[in-house]
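Trainee: Take this structure, written in structure tokens, and hold onto it; I'll ask about it next.
The values are calculated or read from the model by the stated rules, or taken from the named source; none is laboratory data. Everything quoted here is computed from the prediction, not taken from an experiment. We place every Cβ from the backbone using ideal geometry, glycine too, and count neighbours over all the protein chains shown. Surface areas here come from the heavy atoms of the whole protein model, side chains and all, with no ligands, DNA or RNA. Shrake-Rupley method; radii C 1.70, N 1.55, O 1.52, S 1.80 Å.
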Amino acid sequence: MSTVKNVYALGASRNIGYLASLRLLAKGAHITFLLRNPTAFESDPAIQPYLSSSSHGQAHIVKGDALNINDVKRGWEVAGENGDVDLILFTVGGTPRLTLAHGFVLDPPNLCTQAIINVLTTLPSPSAPPKIIAITSIGTTSSSHASVPFLLKPIHNTALVAAHRDKIGLEKVLGHVCGKTAQWGYLPDKDAAGDELDGGVLGKGWKKTEGFPKEEDVATIVVVRPAMLVDGECRADEVDTSGKGRGKGKGKEAYRVQEGDLKNPYTVSRKDVAHYIVEGLLEDWQKWEGKCVSIAY
Ligand SMILES: NC(=O)c1ccc[n+]([C@@H]2O[C@H](COP(=O)([O-])OP(=O)(O)OC[C@H]3O[C@@H](n4cnc5c(N)ncnc54)[C@H](OP(=O)(O)O)[C@@H]3O)[C@@H](O)[C@H]2O)c1
């Protein structure tokens, strides 16, 4: 049985959120998925047995957009039908688009930032504060950007600026409510293009947004910053001959993960990030809670 029993997942229609959810469902957790397109799982044999219409009924779908606060609230209500939510799994993201007029843009530019504000400001008052796991990216802070390999710097300085601006917003909001920003490294007030975040993706006076929970109500956040994501296999599973995972039997761990920055973070597969979330982070929560970690091969 997993350490979590009731999960509210946003951004889990595919990739890391979805892959981590499958692992959690297999361990017996209930998951409420906020999906813009509820048909996403329709022809998916992996998740079908868990849908609420089946006998197991551990996967609950709420049609909704994380940018719509009423949809997010509805997600909380449905998740609450299975007791207090003990994990918010936040893996929302968007793909920057190249435009002639403005270069690479994210639409909307504050996708993750606004979505996490919606989640936090609608948080019900449970008896125990939920854990929060949020995916951002390597390259968000100045020290993390400095650790990016030379070959990847051009893409970080162009195509990813808009996405990172939004991820810094997301980290700042989480840091604000849990008071951990200082431990997560310097979170810049400007992005790589020199644009102000407060008043930009964050909106002027964002800290005064009504409904932000108190620090003690969300004391348990982990921010995971992955290197460039690839669709490769789960190396941790491949080499998991000992039952303990993460490279046992090969003389080294399948992926590197640590608080702060990693040296030369090139890539990591979505499957290995999902593996870390469920088999590493959640299995050893006390080791990681409150931290901002980087993950790469
Ligand atoms: N690509 C990289 O190399 C890289 C590197 C580091 C970090 N990241 C970040 O890591 C995170 C996870 O990436 P991933 O590749 O596993 O997932 P992904 O393919 O980016 O999926 C993003 C998820 O967010 C959902 N989403 C987007 N807008 C939404 C909205 N308004 N309301 C509700 N859901 C919404 C999508 O749902 P729909 O099905 O409705 O679109 C999808 O489930 C993302 O934030 C990504 O930016 C990416």
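Trainee: Pop a pseudo-label 7 angstrom from the Cα along the beta-carbon direction at both E238 and Q258 and give the gap in nm to one decimal.
Mentor: 2.4
Trainee: If you stretched the chain out fully between T39 and L98, how much longer would it get, using 0.36 nm times the residue separation minus the C-alpha to C-alpha distance?
Mentor: Full extension from T39 to L98 adds 18.4 nm.
Trainee: Name the shape class, rounded, prolate or oblate, that the alpha-carbon gyration tensor gives for segment 57-153, where a ≥ b ≥ c are the square roots of its eigenvalues, rounded holds for a/c under 1.5, and otherwise prolate holds if a/b is larger than b/c and oblate otherwise.
Mentor: prolate
Trainee: If you don't mind, another one. Can you run phi through the Karplus equation (6.51, -1.76, 1.60; θ = phi - 60°) for segment 114-120 and list ³J(HN,Hα) in whole Hz, with x for Gly and Pro?
Mentor: Couplings: 5, 4, 6, 4, 4, 5, 6 Hz.
Trainee: Separate question: I want the antiparallel fraction of DSSP beta bridges within the chain, as a percent rounded to 5. Don't skip to the answer; put the middle values down first.
Mentor: Numbers: 8 of 38 bridges.
The answer is about 20 percent antiparallel.
Trainee: Around I61, which amide H atoms from residues at least 5 apart in sequence, or from another chain, sit under 5 Å from its own amide H, with H modelled in the peptide plane?
Mentor: F33, S52
Trainee: Are any of the pairs K73/K208; K63/K204; K73/K214; K27/K63 more than 22 Å apart by Cα-Cα distance, and if so, which? Walk me through the numbers on the way to the answer.
Mentor: Values: K73/K208 20 Å; K63/K204 30 Å; K73/K214 18 Å; K27/K63 24 Å.
Over 22 Å Cα-Cα: K63/K204; K27/K63.
Trainee: Would you look at the GNM of the chain, springs on alpha carbons closer than 10 Å, and say which of I277, I117, I47 moves the most?
Mentor: Judging by the Gaussian network model, the answer is I47.
Trainee: Let me ask something else about it. Going highest first, how would you order 160-173, 136-149, 279-292, 77-90 by mean Cβ packing within 10 Å? All intermediate terms of the calculation are to be shown ahead of the outcome.
Mentor: On the way: 160-173: 26.0, 136-149: 20.9, 279-292: 17.6, 77-90: 19.4.
Final packing ranking: 160-173, 136-149, 77-90, 279-292.
Trainee: Residues with amide H under 5 Å of R225's amide H, sequence separation 5 or more or different chain, H placed in the peptide plane at 1.01 Å from N; which?
Mentor: Correct list: T136, V293, S294, I295.
Trainee: ³J(HN,Hα) across segment 38-50 via Karplus (A = 6.51, B = -1.76, C = 1.60, θ = phi - 60°), whole Hz, x for Gly/Pro?
Mentor: In residue order, the calculated couplings are x, 7, 3, 9, 3, 10, 9, x, 5, 9, 3, x, 9 Hz.
Trainee: Label points 7 Å out from Cα along the Cβ direction at T267 and V105: separation in nm?
Mentor: 3.1
Trainee: Sticking with this structure for a sec: Over the chain, what is the mean sequence separation of C-alpha contacts under 8 Å (at least six apart), divided by residue count, expressed as relative contact order in percent?
Mentor: Values: 603 pairs, mean separation 53.4, N = 297.
Taking the mean separation of contacting Cα pairs over the length of the chain, I get 18 percent.
Trainee: Over segment 106-151, average the accessible area per residue using a 1.4 Å probe and give it in Å², no decimals. Could you put the intermediate results ahead of the total?
Mentor: Numbers: 1590 Å² over 46 residues.
Roughly 35 Å² per residue, with all protein chains present.
Trainee: To continue, here is another question. With the full set of protein chains in place, find how many percent of the accessible area of the chain is carbon and sulfur; take the probe as 1.4 Å.
Mentor: Details: 6740 of 13530 Å².
After summing per-atom areas, the C and S share lands at 50 percent.
Trainee: Tell me whether segment 77-228 comes out rounded, prolate or oblate; compute the Cα gyration tensor, take square roots of the eigenvalues as a ≥ b ≥ c, and use a/c under 1.5 as the rounded threshold.
Mentor: prolate
Trainee: OK, next. Rounded to the nearest 20 debye, what is the charge dipole size of the chain about its Cα centre when +1 sits on each Lys and Arg Cβ and -1 on each Asp and Glu Cβ?
Mentor: Numbers: 33 positive and 33 negative charges, 107 e Å.
The calculated dipole for the chain is roughly 520 debye.
Trainee: Gaussian network model of the chain, Cα springs within a sub-10 Å range: biggest mean-square fluctuation belongs to which of L25, L100, L67?
Mentor: L100
Trainee: Under 5 Å between amide hydrogens, which residues at least 5 positions from V148 or on another chain qualify, with H placed 1.01 Å from N in the peptide plane?
Mentor: Residues meeting the amide H criterion: none.
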